[in-house]
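Undergrad: Below you'll find the structure I mean.
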Amino acid sequence: MADVIEIEASSPAESFLSWRGVLAGAVSGSAVSLILVSLGVAGGLSLLSPWPGQSYTGIAASVAAAWGLIATIGAFLVAGFIAARVRPRIADVPIDEVEFRDGLQGLVTGAVCVLFGGLLALGAGAAALHAGSAVAKFSGSNAGSPLSAIVSTMVAPPDGKPVTAVQLLNTDETTTIEGIFLKSFGRDGLATTDKTFVANIIAAKTGIPLADAQTRVDAAYADAIVALDKAKKATELSGLLTGLGLLIGLVAAWFGGIRGGKSRDENTPARFRFSGW
């Protein structure tokens, strides 16, 4: 007689994550982040002033960094809490596993918030770049370039000469000089042929001797190197602070998910209480 093997039918496994909860938490967290950032911008601008002695740039930078961290943590906490609070609890799961899944629910929600923020930043950056290009094209200048201000100093009028005694650089000339400067960064300096080429342009625009034009080119190139180094360090610091902030935010989202799951399991009323009501 052949052996009979009984196979126990099992119900389909429930979803490990609640994607509706993830979406709800991500949208809520992004909204909170936008509100907090808007408040931070308003507060930061209040510390800046065009009047001498009334602007606190250093304090504004410190406050902006601190507020950015607070806004990130607050938004991710809200996102993780809401995502786990609305997630249905799966029956017959150990408490430790429930806590882990709630934390993971919050972490995934935080990751979705990061993706939302990245897409918004990418779209805003593309729009700003397009607007800047349109303005530069309309005005016939390359004022949007970070090196344009330094390059323009080379055509300042000579001592004792009026401003009308010199000609400004056009867009093509400015772009060409910037390209020569950028090509020379990280090397031993401007090549002799490049330096002579730029100096000839400056001498023709200002009417100064070629030797004086070469001196201006050297000074502008040195200023450009300093500006580039400052920009590089600022970008590095900004990237480091942003990375640390997002990492702390993901930890906050995990913690918020755990707290949201605990609130769900303990049936904590989700309502605001006002005395006398």
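Rundown of residues vs (1) modelled with pLDDT under 90; (2) more than 20 Å from residue 265 (Cβ to Cβ); (3) in contact with a helix residue (DSSP H, G or I) (Cβ under 6 Å, 6 or more places away or on another chain), yes/no style:
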| position | (1), (2), (3) |
| --- | --- |
| 4 | yes, yes, no |
| 11 | yes, yes, no |
| 33 | yes, yes, yes |
| 44 | yes, yes, yes |
| 88 | yes, no, no |
| 91 | yes, no, no |
| 94 | yes, no, no |
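Undergrad: Just to be sure I understand, how many residues within segment 179-205 are more than 26 Å from residue 158 (Cα to Cα) and of a type in the set (A, V, I, L, M, F, W, C)?
TA: So the count comes out to 2.
Undergrad: Return the residues of segment 161-187 that are farther than 16 Å from residue 205 by Cα and either at pLDDT below 80 or open to solvent by 20 Å² or more (accessible area, probe 1.4 Å) (or both); say none if nothing qualifies.
TA: Hits for segment 161-187 are 179, 182, 183, 185, 186, 187.
Undergrad: Could you grab me the full set of residues in segment 198-233 that are out of contact with any helix residue (DSSP H, G or I) (no Cβ under 7 Å at 6 or more places or on another chain), hydrophobic (A, V, I, L, M, F, W, C) and in a helix (DSSP H, G or I)?
TA: 204, 211, 219, 222, 225, 226, 228, 231
Undergrad: Condition first: polar (S, T, N, Q), in a helix (DSSP H, G or I) and open to solvent by less than 60 Å² (accessible area, probe 1.4 Å). Can you find one or more residues in segment 242-258 that meet it?
TA: no
Undergrad: Counting just the residues of segment 208-231 that are among the charged types (D, E, K, R) and surrounded by 11 or more Cβ atoms within 10 Å (Cβ to Cβ), which one comes out farthest from the chain's Cα centre (by Cα)? Quick ask: steps written out before the conclusion?
TA: Step one: filter segment 208-231 for residues among the charged types (D, E, K, R), giving 212, 216, 218, 223, 229-230.
After this cut, where a residue has to be surrounded by 11 or more Cβ atoms within 10 Å (Cβ to Cβ) as well, the list is 212, 216, 218, 223, 229.
Details: 212: 42, 216: 35, 218: 34, 223: 26, 229: 19 Å.
Step by step, filter segment 208-231, then rank; the result is 212.
Undergrad: Related question: Within segment 188-199, which residues are surrounded by fewer than 14 Cβ atoms within 10 Å (Cβ to Cβ) and on the phi < 0 side of the Ramachandran plot?
TA: The first filter runs over segment 188-199 and keeps only residues surrounded by fewer than 14 Cβ atoms within 10 Å (Cβ to Cβ), leaving 188-189, 191-193.
Selection gives 188, 191, 192, 193.
Undergrad: So which residues in segment 78-122 are acidic (Asp, Glu), under 19 Å from residue 255 (Cα atoms) and open to solvent by 70 Å² or more (accessible area, probe 1.4 Å), if there are any at all?
TA: So in segment 78-122, the residues acidic (Asp, Glu) come out as 92, 96-97, 99, 102.
Then drop every residue that is not under 19 Å from residue 255 (Cα atoms), which leaves 96-97, 99, 102.
The answer is 96, 99.
The values are calculated or read from the model by the stated rules, or taken from the named source; none is laboratory data. All values derive from a computational prediction rather than experimental measurement. Counting neighbours? That spans all protein chains shown, and the Cβs are built from the backbone with ideal geometry, glycine included. The accessibility values were calculated without ligands, DNA or RNA, using every heavy atom of the protein model including side chains. Shrake-Rupley method; radii C 1.70, N 1.55, O 1.52, S 1.80 Å.
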